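Here's the structure we're looking at; comments come further down.
No lab work stands behind these numbers, since they all come straight from the coordinates. Only a predicted model underlies this, so the values are computations on that prediction, with no experimental measurement involved. With ideal geometry, Cβ positions are generated from the backbone for all residues, glycine too; neighbour counts draw on all protein chains shown.
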Amino acid sequence: MIQIAVCDDDANIVESIHQYLEAKSKQLQEEELNISLYQSGADFLHDVDNGIKFHIVFMDINLGTMNGFEVGKCLREKPGGGEAFLIYISNQNGSDHFQDLVQVGVFSYIKKPLDDNLDKVFSKALKKLLKYKNPRLFLFKAGEKSCSIEANEIVYIKNTKKIIDIFPWVNAKKPMEIYVWDANNKTIRLLNKFYSRVDDVMEQLPKEQFVSCESSHIVNLDYVYWMSRDSFTLMDKDSTQISFAKENKEKIKSAYLKHKKDQ
């Protein structure tokens, strides 16, 4: 079951989104949408405090006593709140609230009055959510211990070997580090170290989601904020950059653009 919240002090907007979601729910074969409606941030947070974990949240910015950004920041501090897909709605342009949107971790922004963009944004969120609900596991061995992690949680895997291989064509095991996303702090942290062959690592990871940048990094495109001429900028608050070789640029650019189009 997918838990969805709609929080807006405009009853007409709440009802409009509710009707859309009800119609959308009838089209889904394997998933059920459970929709909760709120006209204040306090009521929404009350249910969050009582244990409801929302997967997708439609949030108005101008909620009166407690604005949508304050509610969003409170949500992010709750257990499981960092994983919610926040979709803000407002009469104003998103650029007017750029810093607030970045700080709270917005999934998307819809300008009122609602139009066909509502379906586009929700369908994108639903597609991404279902991918995370049915995760693919990445298996590795840290020392003698067998470990696993959901591939979606991996930001990048780094080959830490500094010395150039004498026989680079030999796909030998190399020291690797797994870096994962910290949603609460919007940072990237080291999870574990292991040894593996690069080909074995790539074989386990979803090809539509991960790309190899030279021999040093394997990057999850879900966490890429921007691609420049020779590097990726990640979405963490430190704007981590991962470079790639010029000879790989076209291949990496093609993978990046396809991933963004399919999202």
About its Cα centre, what dipole magnitude does the chain give when the only charges are +1 on Lys and Arg Cβ and -1 on Asp and Glu Cβ, stated in debye to the nearest 20? 1420 debye
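Residues with beta-carbon under 15 Å from that of Gly81, excluding Gly81: net charge, scoring Lys, Arg +1 and Asp, Glu -1? If you can, show how the numbers build up before the last one.
Working: positive: Lys53, Lys73, Arg76, Lys78, Lys186; negative: Asp47, Asp49, Glu70, Glu77, Glu83, Asp182.
Local charge sum for Gly81: -1.
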Can you tell me which aspartates and glutamates have their Cα less than 17 Å from the Cα of Lys258? Leave out same-chain residues fewer than eight positions away. Glu208, Asp222, Glu250
Using alpha carbons only, how many degrees (0 to 90, rounded to 10) separate the axis of helix 249-262 from the longest principal axis of the chain? 30 degrees
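Just to confirm a number: summing +1 for Lys and Arg and -1 for Asp and Glu over residues other than Leu21 whose beta-carbon lies under 14 angstrom from that of Leu21, what do you get? Let's see the in-between values first.
Numbers: positive: Lys24, Lys26; negative: Asp8, Glu15, Glu22, Glu31, Glu32, Asp119.
Within the 14 Å Cβ shell, the charges total -4.
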Given Cβ charges of +1 for Lys and Arg and -1 for Asp and Glu, the option among Ser108, Gly68, Asn91 whose Cα lies farthest towards the positive end of the dipole of the chain is Ser108
Under 19 Å from the Cα of Lys145 - lysines, other chains or at least 8 residues apart: Lys173, Lys174, Lys193
What is the set of long-range amide H partners of Ile89 at a cut-off below 5 Å, with H atoms built 1.01 Å from backbone N? Met59, Asp60, Ile61, Ile110
With the contact rule set at Cα under 8 Å and sequence spacing of 6 or more, what percent relative contact order holds for segment 137-262? 20 percent
Suppose only helical runs count, i.e. DSSP H with n ≥ 4. What mean residue ellipticity at 222 nm does that imply for the chain under -39500 (n - 2.57) per run, divided by all residues and rounded to the nearest 500 deg cm²/dmol? -9500 deg cm²/dmol
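Could you list, in their original order, any pairs among Lys186/Lys261; Lys24/Lys237; Lys161/Lys207; Lys24/Lys73 whose Cα atoms are separated by more than 26 Å?
On the way: Lys186/Lys261 24 Å; Lys24/Lys237 35 Å; Lys161/Lys207 24 Å; Lys24/Lys73 28 Å.
Those over the limit are Lys24/Lys237; Lys24/Lys73.
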Name the lysines eligible as straight-distance cross-link partners of Lys26: C-alpha to C-alpha under 18 Å, and not fewer than 8 places from it in the same chain. Lys120, Lys124, Lys127
Report the antiparallel proportion of the DSSP beta bridges in the chain as a percent, rounded to a multiple of 5. 65 percent
Please compute the contact order of the chain in relative form: average sequence separation of alpha-carbon pairs under 8 Å and at least six residues apart, divided by the residue count, as a percent. 11 percent
